[in-house]
Amino acid sequence: MSTPTPTRRRLLSGAAGVLLSVVGGPVASQVLGLEEAEAATRPRRRTARARARARARAKARARARARARAKARTPVAQPKPSPTPTATPPRPAAPVPTTPTPAVAPAVPPPPMATTPPAGEAELHYLNRLGCGFSPASLAQLTAAGGPAGWLDAQLDPASVPESDAALALPGYFPDMDASATAKWATNQAGTKGGWQYAADFAGYSMLRQIYSTRQVFENLVGFWSNHLHVNANHDSAWIYRKSYDDTIRAHALGTFADLLVACSLHPSMLLYLDNWTSVRNAPNENQGRELLELHTVGRGAGYTEQMVKDSAKLLSGHTVDAWKTWAPSYDSKRHTTGPVQVLGFSDANAAADGSALSVTYLRYLAHHPATATRIATKLCRHFVADEPSAALVAHVAQAFTDSGTDIRATLRALVAHPDFLTGRGTLVRNPVEDFVATCRVLGVQVPAPTDGQSFARACIWLPETTLLYQWPRPDGLPLGDAAWASATRMLNSFRMHWNLAAGWWPTKDVAYRKSGAAWLPRASLRLDEYVDHLCTSVLGRRADARTVAAVAGVTGYPASTVITASHQVVGWMHVRVMGVLLDSPDHMRR
């Protein structure tokens, strides 16, 4: 069919309109042909669509007006937090925050102002950097020990420090953590309690220990070594021995690094995590042999070769676990790979069928290697002093490590005695779990035994909104430094956690908070600036400065001279705002 000219199209359109008005579209199509009929009906369809769109817009405007009228009739509600943890494995049911409520029974008695003097700079620094965070109780403990030096002496001998009742009760909160490997595996296979649930319980247990233990330096070091010799508590098979691995770290956390390295390297949890259990004669798995050199001892810069990695694996071969069956750890000489080995100055013919003693000798050699001393010293300085410690400090600590035969107490004493230790106060950002522990300590959160998964002791693991404690997915452990922990997202998550804990919004089961400001009042009435000063000494360990008082006045809308009583709204629904000023500040988020 030829293409119609413009004149012909206009004539056809007019003709089609006449035909359509008389006999309808199908007849017109037959008369004019499909193309002409299509052209003729197009204006009608456009008009219909335009009318439909106009009707839809009118309906939308009507709905919007209805919503606006309904909103105007509804009273404005107080903002509610939304602590809604979401993660895998399954988490507790989503919390339902409640509007802040007035006074409730305090979890711990509010201290009178006379008993809340501020800590000195050195006192505060020792508690925040060597322990798990300042608290009035820890300051009293330090004062009773005669000051920072006496407190550190006692802390380095944890058996001499009476443990708190709360910390002693914690193993009873999670009674099946110490069950045998076969018993745990049976519950996992039966579907009654999976490995991830044991790992979650272990995270909660470890966080609560850091909150309530009076042996703060010991708990800090347990965390440090657990990170350095990391075993993921939620690993497919290593979870089954993870609590036992923690017991091993605790047994050596203040001993020598050589003993700690041997015990942890040959522990079944480490053998499972880094695959050494799969080694067979003449085919050793290289994973643990490599990580031993790269992460646990000398480090990448020590100059080891790929052949040395293979020799390292040969030396560890034979240490195994009867995985997925009895879970019994053992040394099996049939799995040991013999033959000469050389690793960074360590050499041996490795001719004996039983290489178990030789593997221990090899591990002790690496523990005393100069490169290991520098690597351990650097990590200790980054954890306790600064993100970028001075070369002089690292050399000083490494020398103490070597001279003492890898003694951890002597090494830590040398670190604390160096001038850089005190000059680095308040410069390290707490990671989310450290922040959670420090916040619970200053708020006096009290946690009885859990009754189910909604109880604080179990649900609290989600509050820091980060990887669960001891579940970092890679063998290198949690990163250190501001670059890893000072992101905007992390800060917002921590602010939400602070408000949650200060107001007692979630978890609400099996926990006691001081969630009303009335529980913090040191006397019946006082000025707002005096009240802020009292909170500062209780929460931050220092006097309130003009900046803090002004910030509290700003968020409450009340001047510093305002008289505060138990019925004032500053200690009522505004209490969480006041606590937010203190807990969201660098004074709390840095240690």
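The values are calculated or read from the model by the stated rules, or taken from the named source; none is laboratory data. Predicted model, so just to flag it, every value in this text is computed and none were measured. Counting neighbours? That spans all protein chains shown, and the Cβs are built from the backbone with ideal geometry, glycine included. Accessible surface is based on the protein model in full, side chains and every heavy atom, while ligands, DNA and RNA are left aside. Shrake-Rupley method; radii C 1.70, N 1.55, O 1.52, S 1.80 Å.
Structure above, values below:
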{"quantity": "The range 358-384, residues that are open to solvent by 60 Å² or more (accessible area, probe 1.4 Å) and more than 17 Å from residue 255 (Cβ to Cβ)", "calculated": "361, 365, 370, 374, 375, 382"}
{"quantity": "From 547, 577, 496, residue being at pLDDT 95 or above, open to solvent by 10 Å² or more (accessible area, probe 1.4 Å) and closer than 19 Å to residue 465 by Cα", "calculated": "496"}
{"quantity": "Scope the range 385-397; condition open to solvent by less than 60 Å² (accessible area, probe 1.4 Å) and assigned to a loop (DSSP other than H, G, I, E, B); matching residues", "calculated": "385, 386, 387, 389, 390"}
{"quantity": "Residue match in the range 172-185 (condition: touching a residue at least 24 places away in the same chain (Cβ under 8 Å) and touching a Cys at 6+ places or on another chain (Cβ under 9 Å))", "calculated": "no"}
{"quantity": "Which numbered condition residue 547 fails, given (1) within 20 Å of residue 117 (Cβ to Cβ); (2) in a helix (DSSP H, G or I); (3) not aliphatic (A, V, I, L, M)", "calculated": "(1)"}
{"quantity": "Unique match (being under 19 Å from residue 262 (Cα atoms) and either outside any loop (DSSP other than H, G, I, E, B) or open to solvent by 40 Å² or more (accessible area, probe 1.4 Å) (or both)) among 402, 326", "calculated": "402"}
{"quantity": "When residues of the range 167-195 are limited to those that are open to solvent by less than 40 Å² (accessible area, probe 1.4 Å) and of a type in the set (Phe, Trp, Tyr), the one farthest from residue 327 (Cα to Cα)", "calculated": "173"}
{"quantity": "The range 254-307: number of residues that are aliphatic (A, V, I, L, M) and in contact with a strand residue (DSSP E or B) (Cβ under 6 Å, 6 or more places away or on another chain)", "calculated": "3"}
{"quantity": "Sole residue being out of contact with any Lys or Arg (no Cβ under 8 Å at 6 or more places or on another chain) and on the phi < 0 side of the Ramachandran plot, chosen from 238, 258, 233", "calculated": "238"}
{"quantity": "Where a residue in the range 426-446 is free of Cβ contacts under 8 Å to residues at least 60 places away in the same chain and its partner, wherever it lies, is not in a loop (DSSP other than H, G, I, E, B), with Cβ under 7 Å and at least six apart", "calculated": "431/485"}
{"quantity": "Matching option when the condition is open to solvent by less than 50 Å² (accessible area, probe 1.4 Å), over 25 Å from residue 247 (Cα atoms) and in contact with a strand residue (DSSP E or B) (Cβ under 9 Å, 6 or more places away or on another chain), among 355, 318", "calculated": "355"}
{"quantity": "Residues satisfying the stated conditions in the range 339-384, i.e. free of Cβ contacts under 8 Å to residues at least 60 places away in the same chain, farther than 20 Å from residue 306 by Cβ and in a loop (DSSP other than H, G, I, E, B)", "calculated": "349, 351, 352, 353, 354, 355"}
{"quantity": "Enumeration of residues in the range 150-166 that are open to solvent by less than 70 Å² (accessible area, probe 1.4 Å) and either over 27 Å from residue 232 (Cα atoms) or aromatic (Phe, Trp, Tyr) (or both)", "calculated": "150, 151, 152, 154, 155, 156, 160, 161, 163, 164"}
{"quantity": "Boolean, residue 519 is surrounded by fewer than 17 Cβ atoms within 10 Å (Cβ to Cβ) and not polar (S, T, N, Q)", "calculated": "no"}
{"quantity": "The lone exception for residue 419 - which of (1) crowded, with 20+ Cβ neighbours inside 10 Å; (2) over 22 Å from residue 200 (Cβ atoms) it fails", "calculated": "(1)"}
{"quantity": "Flag for residue 567 being among the polar types (S, T, N, Q), surrounded by fewer than 16 Cβ atoms within 10 Å (Cβ to Cβ) and in contact with a strand residue (DSSP E or B) (Cβ under 7 Å, 6 or more places away or on another chain)", "calculated": "no"}
{"quantity": "Wholly enclosed helices (runs of 4 or more DSSP H) of the range 171-255 bearing at least 1 residues of a type in the set (Asp, Glu)", "calculated": "195-212, 216-228, 242-252"}
{"quantity": "Pair list, Cβ under 8 Å, 6 or more apart: the range 229-250 residue free of Cβ contacts under 8 Å to residues at least 12 places away in the same chain, other residue open to solvent by less than 20 Å² (accessible area, probe 1.4 Å) and small (Gly, Ala, Ser)", "calculated": "none"}
{"quantity": "Yes/no for residue 258 being surrounded by fewer than 22 Cβ atoms within 10 Å (Cβ to Cβ), touching a Gly at 6+ places or on another chain (Cβ under 9 Å) and assigned to a helix (DSSP H, G or I)", "calculated": "yes"}
{"quantity": "Residues that are on the phi < 0 side of the Ramachandran plot and of a type outside the set (Asp, Glu), drawn from the range 529-544", "calculated": "531, 532, 534, 535, 536, 537, 538, 539, 540, 542, 543, 544"}
{"quantity": "Neighbours by Cβ (under 8 Å, 6+ apart or cross-chain): first from the range 563-591, closer than 19 Å to residue 435 by Cβ; second part of a strand (DSSP E or B)", "calculated": "589/429; 590/429; 591/429"}
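Residues checked against (1) open to solvent by 30 Å² or more (accessible area, probe 1.4 Å); (2) more than 24 Å from residue 401 (Cα to Cα); (3) at pLDDT 95 or above; (4) touching a Pro at 6+ places or on another chain (Cβ under 6 Å):
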position: 269; (1), (2), (3), (4): no, yes, yes, no
position: 277; (1), (2), (3), (4): yes, yes, yes, no
position: 280; (1), (2), (3), (4): yes, yes, yes, no
position: 305; (1), (2), (3), (4): yes, yes, yes, no
position: 313; (1), (2), (3), (4): no, yes, yes, yes
